[in-house]
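Comments concern the structure below.
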């Protein structure tokens with residue numbers, strides 16, 4: 001069993017801490033970052049990042065992947081853990097660039 005320590009929403013745009021929309025995106029896109037701690041062992045902490053990339057904007061997907069990678073790195077350092085789960089709707093089959101950006105740090 002785990003308990004949530006903190007939940008944060010970050011805009012997947014050029015102004016991540018101010019609600020906004022990437023210039024050619026169809027909708028505002030966010031990353032929800034949640035930190036958890038094990039109820040059985042408080043030393044066990046992990047983070048979950050969930051996002052939804054835009055279906056029509058390559059620029060937003062590239063920016064979103066870069067921001068997601070950066071946030072995963074930040075969460076790992078803040079929780080002193082390598083356990084960061086990244087999930088979401090990446091919205092395209094041709095997301096090689098986004099996956100590559102994530103792999104650079106995650107692998």
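The values are calculated or read from the model by the stated rules, or taken from the named source; none is laboratory data. Worth saying up front: this structure is predicted, and the values here are computed from it rather than measured. Because the Cβ atoms are built from the backbone with ideal geometry, glycine has one as well, and the counts that use them run over all protein chains shown.
Points to keep in mind about this one:
Residues are listed down the side, and each one gets a yes or a no for (1) at pLDDT 85 or above; (2) outside any strand (DSSP E or B); (3) in contact with a helix residue (DSSP H, G or I) (Cβ under 8 Å, 6 or more places away or on another chain); (4) farther than 20 Å from residue 27 by Cα:
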site: 68; (1), (2), (3), (4): yes, yes, yes, no
site: 72; (1), (2), (3), (4): yes, yes, yes, yes
site: 77; (1), (2), (3), (4): yes, yes, no, yes
site: 82; (1), (2), (3), (4): no, yes, yes, yes
site: 87; (1), (2), (3), (4): yes, no, no, no
site: 93; (1), (2), (3), (4): no, yes, no, no
site: 98; (1), (2), (3), (4): no, yes, yes, no
site: 103; (1), (2), (3), (4): no, yes, no, yes
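- Per-region count, region 19-45, residues buried (at least 17 other Cβ atoms within 10 Å of the Cβ), part of a loop (DSSP other than H, G, I, E, B) and within 17 Å of the chain's Cα centre (by Cα): 3
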